[in-house]
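Only one structure is covered here, and it is reproduced in the block below.
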Amino acid sequence: MLAMNNLIEERQQPVSTEFTGTVGDISISNPRMTTRNVDVHYGDKHAIMDVSLDIGRHEVLSLIGPSGCGKSTFLRCLNRMNDTIDICRVTGQIKLDDQDIYDKNLDVVPLRAQVGMVFQKPNPFPKSIYDNIAYGPRIHGLAEDQTELDGIVEGSLHRAGLWDEVKDRLHQPGTGLSGGQQQRLCIARTIAVSPEVILMDEPCSALDPIATAKIEALIDELRQNFTIVIVTHSMQQAARVSQRTAYFHLGRLIEVGQTEDIFTNPQHKLTEDYITGRFG
Amino acid sequence: MSNSTQTTIEKVNATLERRYAKERRFRKMGIAAIAIGLLFVVLLFVSIISKGHSAFWQTHIKLDIEFSAELLDIGDRRDIETLSTANYAALTKASLKAIFPEVDQRKGRRMLYKMISIGAPYLLREMVINDPTLIGSHQTVWLPADDDIDMLVKEQTDRNLPESSRRLNDKVIGWVDQLMARGAVEKLFNTTFFTAGDSREPELAGIGGAITGSLYTLLVALLLAFPIGVATAIYLEEFAPTNRWTDMIEVNINNLAAVPSIVFGLLGLALFINLAGLPRSAPLVGGLVLTLMTLPTIIIASRAALKSVPPSIREAAMGIGASKMQTIFHHVLPLAMPGMLTGTIIGMAQALGETAPLLMIGMVAFVVDIPGGPLDPSTVLPVQIFLWADSPERAFLERTSAAIMVLLAFLIFMNLIAVLLRKRFEQQR
């Protein structure tokens, strides 16, 4: 009871939670993706307000923030997955290597081949492990012949750290794997089409700590070749895997910076409150 | 604190008995509902099977037939035309005369000859045409008895009624008893029932024509309704924007599902027969009408099947750059297909049992020939049942029930496939 009262008292203390623009440096040199003044509306709801952020090459950028803060929405803007929602409207500018991805003439199919996505819940196709990985290369015509396709499948599974576990049952259904294996299968499926950027939407939220550790190690390895943006609810995870961290609050990008700085020396009061566990 | 916990538990305990009693009452009501439903199903089956099972056997009479060229009145000619117009009735008459030589009056003879089905000469003709060397030989042949004899042998007519209110007089019953005593009366499996078309004579009538007509009708309906229904469902569910127009289309499709089927029959009459000039009584027109009728069922079931595919599968496919078409055809459709097929089979089962709209387009005609194609006049199983149920002959009663048994067997078979598909669908998830 006493602790509870303290908490309430602390909350009632005046805090400078006013938003006066994103704290920290949103731009970096030689970025892979740049977003400027992005606003997202779901019907009448203003989900993301004026977010500008650069995403660097071969870095892991983590997006953190309390539920409903817009971090997943922002992530889904980066490969136009929001297009599938009828009432969703995106304004502002998002560029992938100087190409405006919301350009009217831009085709989303090649965009999504360049910017792959891993989802919160492992979602393998109800097909064999092999076909799960081979599907992307097949539809994009990445392999000349069967041998090359076999190579892509094996390579992707190797990079996802799943090869040794599934090499003897490539033709069994992917849905028969454990949750952690399924998620690594989904990552392998994404890297099989050799994207430039991988978006991960809370990839470990449905997994146990051991599977989570494996995926985190995998993310660290993938950084050599890919740019990764990861949404996470776990601040420890953000601290472990990412180089830069962006903190979202109620649709606004409050603060962005080197992960180390964000967690040890947050500049904004909201960031500090969230990181120290005072809310969220 | 401990005091208040106690009261909570006491409060809970006080309500427990009432809650469980409620549950027990509900379970008993459920079991009672199932029992009543089952009772009616069992009654239906018992009544139909007990009435209809005897139609699968037909009384035959053993006759010694002398295929004499003299009786046939053909001399030495053996060409097809002569053989097919020869007097085969004379053969059965001669054989019956030989068994009952004491019958010498004209009237008595006529009664005697009527014991054998009037279809018997055609059977003999078929035998001779298939093998002309039979001419001149003696053969023992089992020929179908007339339907009145059939009913007597199956004990479905009452011998104890006064003679004047019976269809068979004492003399004929006496002859039948004599034949039975000699082992010349036997109930044989009724193949005619499955192969023949309709007939005015019950012993010659069969559901062969009706089954063929039903198959052609269903084939036309399936070939049209499945692709159109599935394509409509995919477009409405996956591609169409949600606006006033698509809302209106959806409402109208749901309304169509509730339109009485006779209305579709009238529409078919006006549209396909009067306007388009298609032949009457044809399975093609029947199939078109049943297509209209089953389309809403298939569209609604297919849309539900598409909706039930988890969105994560779509996201997964789009996330690696599959186009909308690829997402739908590679991932969504295979998962939705069993549900779509289930809906289609249920729609087809509905169509198989449909009578009213087919009456409107003339499929209620008396058709003896087995249709050779979807443009030939024909009838369908439920309409055949309707026609037979209307017939006065006692022997059509058991044939009506037998035809219902065949129809139910087809329906159960189709529903079984639907259930199996659904089972497979659930396993895939």
Just tell me which lysines come within less than 18 Å, Cα to Cα, of B:Lys107; anything on the same chain fewer than 8 places away is out.
-> B:Lys93, B:Lys97, B:Lys171
Spin-label pair A:Asp86/B:Asn415, simplified geometry with 7 Å Cα→Cβ offset, distance in nm | 3.6
Could you work out how far helix A:129-140 tilts from the main Cα principal axis of chain A, as a 0 to 90 degree angle to the nearest 10?
-> 90
Ranked from the most accessible area to the least, with a 1.4 Å probe and all protein chains present, what is the order of B:Trp142, A:Trp163, B:Trp175?
-> B:Trp142, A:Trp163, B:Trp175
Calculate the length of the line joining the C-alpha centroid of the range B:287-353 to that of the range B:110-130, in whole Å.
-> 55
What accessible area, summed over both chains, is buried at the A-B interface (1.4 Å probe, Å², nearest 100)?
-> 1600
Note to self: with every protein chain in place and a 1.4 Å probe, the range B:208-428 gives an accessible area per residue in Å² of 44
On the accessible surface of chain B, probed at 1.4 Å, how many percent belong to carbon and sulfur atoms?
-> 63
Projected onto the charge dipole of the range B:208-428 (+1 at Lys/Arg Cβ, -1 at Asp/Glu Cβ, origin at the Cα centre), which of B:Phe329, B:Val251, B:Ala365 gives the Cα projection farthest towards the positive end?
-> B:Phe329
Stretch gain in nm, segment B:Phe26-B:Leu38, where the contour uses 0.36 nm per residue and the Cα spacing is subtracted = 2.5 nm
Pseudo-spin-label distance B:Thr195 to B:Leu223, built 7 Å along Cα→Cβ, given in nm, is 2.8
In whole angstrom, and with the biggest value first, how far do the Cα coordinates of the range B:208-428 range along each principal axis?
-> 69, 40, 29
Mean-square fluctuation maximum in Gaussian network of chain B, Cα pairs under 10 Å, restricted to B:Ile116, B:Ile361, B:Ile135, hits B:Ile135
Reachable aspartates and glutamates, given that their alpha-carbon falls under 18 Å from the alpha-carbon of B:Lys51 and they are not under 8 places away in the same chain | B:Asp147, B:Asp148, B:Asp150, B:Glu155, B:Asp158, B:Glu203, B:Asp390, B:Glu393, B:Glu398
Of every hundred units of 1.4 Å-probe accessible area on chain A, the number belonging to carbon and sulfur atoms, as a percent, is 47
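Please give the FRET efficiency for B:Val46 paired with B:Val368, using the beta carbon to beta carbon distance and R0 = 22 Å, rounded to the nearest 0.05.
The computed FRET efficiency comes out at 0.10.
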Short version: which residues of the range B:312-334 lose at least 50 Å² of accessible area, all chains versus chain alone, 1.4 Å probe?
-> B:Glu315, B:Ala316, B:Met318, B:Gly319, B:Ile320, B:Gly321, B:His331
B:Ser68 versus B:Ala258: modelled label distance in nm, points set 7 Å from Cα along the beta carbon direction = 7.5
Among B:Leu335, B:Leu284, B:Leu358, determine the one that fluctuates most according to a GNM of chain B built with springs between C-alpha atoms less than 10 Å apart.
-> B:Leu335
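How would A:Tyr42, A:Tyr274, B:Tyr122 line up by accessible area, probe 1.4 Å, largest first?
Reading off the accessible areas and sorting them downward yields B:Tyr122, A:Tyr42, A:Tyr274.
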Burial of 30 Å² or greater, the range A:123-162 residues [accessible area, probe 1.4 Å, versus chain by itself] = A:Asn123, A:Phe125, A:Pro126, A:Lys127, A:Tyr135, A:Ile139
Accessible area (Å², 1.4 Å probe, nearest 10) - B:Leu292 | 50
Can you tell me the dipole magnitude for the range B:76-128 around its Cα centre, using point charges on the Cβ only (Lys, Arg +1; Asp, Glu -1), in Debye to the nearest 20?
-> 320
Between A:Asp39 and A:Thr264, the FRET efficiency computed from the C-beta separation at R0 = 25 Å comes out, to the nearest 0.05, as 0.20
For chain B, calculate the relative contact order in percent as a whole number, restricting contacts to Cα pairs under 8 Å that are 6 or more residues apart.
-> 19
Most mobile of B:Met325, B:Met414, B:Met29 in a GNM of chain B (Cα contacts under 10 Å) = B:Met29
Sort out for me the Cα centre separation of the range B:384-422 from the range A:23-41, rounded to whole Å.
-> 72
For chain A, what is the mean residue ellipticity at 222 nm derived from helices alone (per DSSP H run of n ≥ 4: -39500 (n - 2.57); sum divided by total residues; nearest 500 deg cm²/dmol)?
-> -10500 deg cm²/dmol
In Å, the C-alpha Rg and Dmax of the protein assembly as shown are 39.9, 127
State whether chain A is rounded, prolate or oblate according to the following rule on the C-alpha gyration tensor (a ≥ b ≥ c being the square roots of its eigenvalues): a/c under 1.5 gives rounded; otherwise a/b larger than b/c gives prolate, and the remaining case gives oblate.
-> prolate
Chain B, helix-only ellipticity at 222 nm - DSSP H runs n ≥ 4, -39,500 (n - 2.57), divided by all residues, nearest 500 = -20000 deg cm²/dmol
Förster-model FRET efficiency, 25 Å R0, B:Gln156 and B:Asn130, C-beta, rounded to 0.05 | 0.15
Dipole moment magnitude, nearest 20 debye, the protein assembly as shown about Cα centre, only Lys, Arg, Asp, Glu C-beta charged = 1840
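The values are calculated or read from the model by the stated rules, or taken from the named source; none is laboratory data. Note that the coordinates shown come from a computational prediction; the quantities given were computed from them, not determined experimentally. Ideal geometry is used to build each Cβ from the backbone, glycine not excepted, and the neighbour counts take in all protein chains shown. Remember, those area values only see protein heavy atoms, side chains included, never the ligands or the DNA or RNA. Shrake-Rupley method; radii C 1.70, N 1.55, O 1.52, S 1.80 Å.
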